[in-house]
C-alpha cells in the first residue's frame, strides 16, 4: 500500500509521527517527511492509526 500526503492540508502536528515513527517524521521546519512511501511489512496497523488520527485528514492509503 502506498501512503499519500496532501501537503496542502498537512500542518505538521506530528500525531502520525507519534503513532508510526518508522514511517513519518516532522522535520525542524515543521514539515512532514515520509521515511518510506510504502507501508512497511508489519506496519499496516500503525499507519492506519496515523491516517485515522490525522486531524486535518492529510493522509490516506492507496492500493
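Computed from the coordinates by the stated procedures, all read-outs in this text should not be read as laboratory data. Because the structure is a prediction, the values reported are computed rather than measured.
Below, the figures for the structure above:
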| quantity | calculated |
| --- | --- |
| Extended-chain gain in nm, criterion 0.36 nm per residue less alpha-carbon gap, residue 41 and residue 18 | 6.5 nm |
| Cα centroid of the range 1-16 to Cα centroid of the range 29-63, whole Å | 7 Å |
| Taking the chain and dividing mean pair separation by its residue count, relative contact order in percent (alpha carbons under 8 Å, at least six apart) | 46 percent |
| Helix-derived mean residue ellipticity, 222 nm - over the chain, DSSP H n ≥ 4, -39500 (n - 2.57), to 500 | -6000 deg cm²/dmol |
| Hull shadow area, averaged, the chain [alpha-carbon convex hull, nm²] | 3.7 nm² |
